[in-house]
Every structure is written in structure tokens, then in C-alpha cells.
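No value in this document is a laboratory result; all are computed from the given coordinates. In this text, all values refer to a predicted model and were calculated from it rather than measured experimentally. Methodologically, a virtual Cβ is constructed for each residue, glycine included, from the backbone with ideal geometry; neighbour enumeration extends over all protein chains shown.
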Amino acid sequence: MITQAIDSVRQPPKVLVENKLTFAGPESELSIYDTYQQANRVQLKSDQLLFCAMVTGKKVMHSTSDNFHGEFLPHESFIMAPGSSVEIDFPIAKIAEPTTCLAIEISSDRVQQVSAMLNQQKPINQAFGQWQYDDKLVHTHHNSETQNVLNRIVKIYSENHPDRSAMVALAVSELTIRLLHQQTREFILAFSQQEPDNNGLSAALNHIELHLNENINIDDLARISCMSRTKFFHEFKVHLGCSPMAYQLQGRLKKAAVLLKKGEQITQTCFALGFTNTSHFSRSFKKFYGLSPRQYKDRYLSRLI
């Protein structure tokens, strides 16, 4: 667990608001922020890309440049573009229950190096452009794989391993690749919805989105994309980072989260999105979001009371 990794390096606080413990690495820096009392409009700014991951508690983030005002909760990522700034509220921080966040500062040079590597090793369809960082604020849920990377990063940064620098560089590169995949995936999905007939992959993605609650067949998707089964599967994984089946499952879970936030019944949501039983739905949801459907629904609805 990432909380255990942080507990192993946490030191007595010097300040009660945004107490900072920092570990330097090659072209990157890890900071652990703990806040022990409620506070408002605390400013955070970074010259480099800043990948923040919420661990415990809650923050309310304000960014006038990106017109963003929203809550930042555990199992979520908040990525700040180089040179941007935010103001943060800490509504529930306590001495016994601090609000804790990881912040990984990644140099622009490292981001460019990783982008160049991806463009050389696995270029994407020209219609989608190329692998590159979109210089904007990102607020998103992160999956269990990203959570595992963050857990590993805390351990690597804080240990005195003879190969520490190389291990840090690899872990930060993996985190950067995941960010690039996420941004590129969002662009590809938006593009496929606007221009589904532009290319075969767009057509297949649009078909999945339109039939999210139905079982998909790889042979049908390959036919829609005008590719062989093998080529379609390869192209899908290059561009989306997962198989079509995994992609559809993630889409269903994201839509389920939206419905649960609105107060929809868990069982109704489960079957409406094509899950055959509630146990499978609950296990898949908890693995993806870190909370059961009930916990997720209660967390969001309790904020409306």
C-alpha cells in the first residue's frame, strides 16, 4: 500500500500546512505533502510538469487559468502544466488525519525524451498526430497500474539502493508514458466521435462507444476497421494501450461512475451497462476505482447533503 510506503519515510512535521518532505532524482523530484489543519487558498506552483496523486483526505483545487474548480480525492491524479499555479483548500485536514498528497516534478526534457522514444518505436496514425504532452491541466482517476507505479516510486526514491538513479529514471519514464497514453487516448476518442469514417480505428472505436453495453466481437471490429484480426488487435493496443475488451470494460466502469454520482441504483447500473452479475461488476469497479460501487456512490452523494 502507498500509505505504508509513505509512513516508512514520514518525519515529524515542521509546519502544519503543506509540510513537505522532498527526495531528488535524475530530472525529477518527489515531494510528500502533509497538511494537519484546515486551510484555504494555499498556492502551489511548479516550473516543470507536476504529477500530483492524492493519498488521503480531500483538497479543493482552484485554477483560474484553466477555469477549473473541483475536489481532489484519493485514487485521483492532478497534473499541472509547467509554469502553471493553483490554489488549494484543505476542508477536512486534522492532526490525527492529515491530508496527504504526492507530487512528482518531471523535467520538460524528460517528457520530450519519452515522447520522442514513443514516436520512434511505435508511431501512431497520422490522423491522430504524434505522441506529445498537451500543455494543460489534467484531473482524472488513475487506475491500479498507476497506483502501483506511484507506490514503487515512493520506495525507490526513499531507499539507498546502488542503482537508485537508474531505477528512479525508469519509474518516472513509465509514469510519463502513462500520462501520454491517457492524453492521446482522450484525443483519439474525441476524434473518432467527430470523424468516425476518417480511418479504420476511428470506426471501430465509435462502434464500441455506441454499443458499450453489448458484447463485442473482435472479428466484427476487424471487419469494421477493414483490417485483419491480427493487425487490428496490434493497432488497437499501440494506440489505446490495452485490448478492445479491456477498453470496453473501462468505458463501462467510467459510465457507471457517472450514473452512481447521479444517484442511480447499483443493480440497475450494473445490468444497464451489460454486466451479467453484480459480483463481477463490484469486483471490476473496486479494482478500477479503489472503492466498491456502494462506497463510491456514498462518497459523492454525501457531499450533496
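Brief remarks on what is shown
- Per-residue ellipticity at 222 nm from helix content only, as computed over the chain with -39500 (n - 2.57) for each DSSP H run of at least four residues, stands at -15000 deg cm²/dmol.
- Low-density loop cleavage sites - trypsin sites (Lys or Arg not before Pro) in the range 1-78, where at most 14 other Cβ are within 10 Å (DSSP): Lys14
- Spatially, the range 1-41 and the range 128-143 are offset by 25 Å when compared through their Cα centroids.
- Full extension of the chain segment joining Asn40 with Asn213 gains 58.0 nm, where the gain is 0.36 nm per residue of separation less the Cα-Cα distance.
- The range 170-305: Cα Rg divided by the 2.2 N^0.38 Å rule of thumb: 1.16
- Loop-located trypsin sites (Lys or Arg not before Pro) across the range 64-146 with a Cβ neighbour count of 14 or fewer within 10 Å are Lys94, Lys136, with loop assigned by DSSP.
- From the coordinates shown, Kirkwood radius over Cα pairs in Å corresponds to which of (1) 20.2; (2) 19.4; (3) 20.9: (3)
- The trypsin sites (Lys or Arg not before Pro) of the range 244-305 that meet both conditions, a loop assignment by DSSP and at most 12 other Cβ atoms within 10 Å of the site Cβ, are Lys262.
- Cα-based shape type of the range 195-241, given that a ≥ b ≥ c are square roots of the gyration tensor eigenvalues and the cut on a/c is 1.5: rounded
- Under 5 Å between amide hydrogens, built in the peptide plane, is the criterion, and for Lys58 it picks out Ile92 among residues at least 5 positions away or on other chains.
- A Förster radius of 22 Å, combined with the Cβ-Cβ distance separating Glu195 from Cys226, puts the computed FRET efficiency at roughly 0.90.
- For the range 132-138, Karplus couplings with θ = phi - 60° (6.51, -1.76, 1.60), whole Hz, Gly/Pro x: 6, 7, 8, 6, 8, 6, 10
- Dipole-positive endmost among Asn19, Ala127, Cys226 within the chain (Cβ charges, Cα centre): Asn19
- Between amide H atoms placed 1.01 Å from N, distances below 5 Å from Phe68 occur with Ser63, all of them 5 or more places distant or on a separate chain.
- Helix runs (DSSP H) in the chain reaching 27 Å along axis by Cα, Kyte-Doolittle at least 1.6: none
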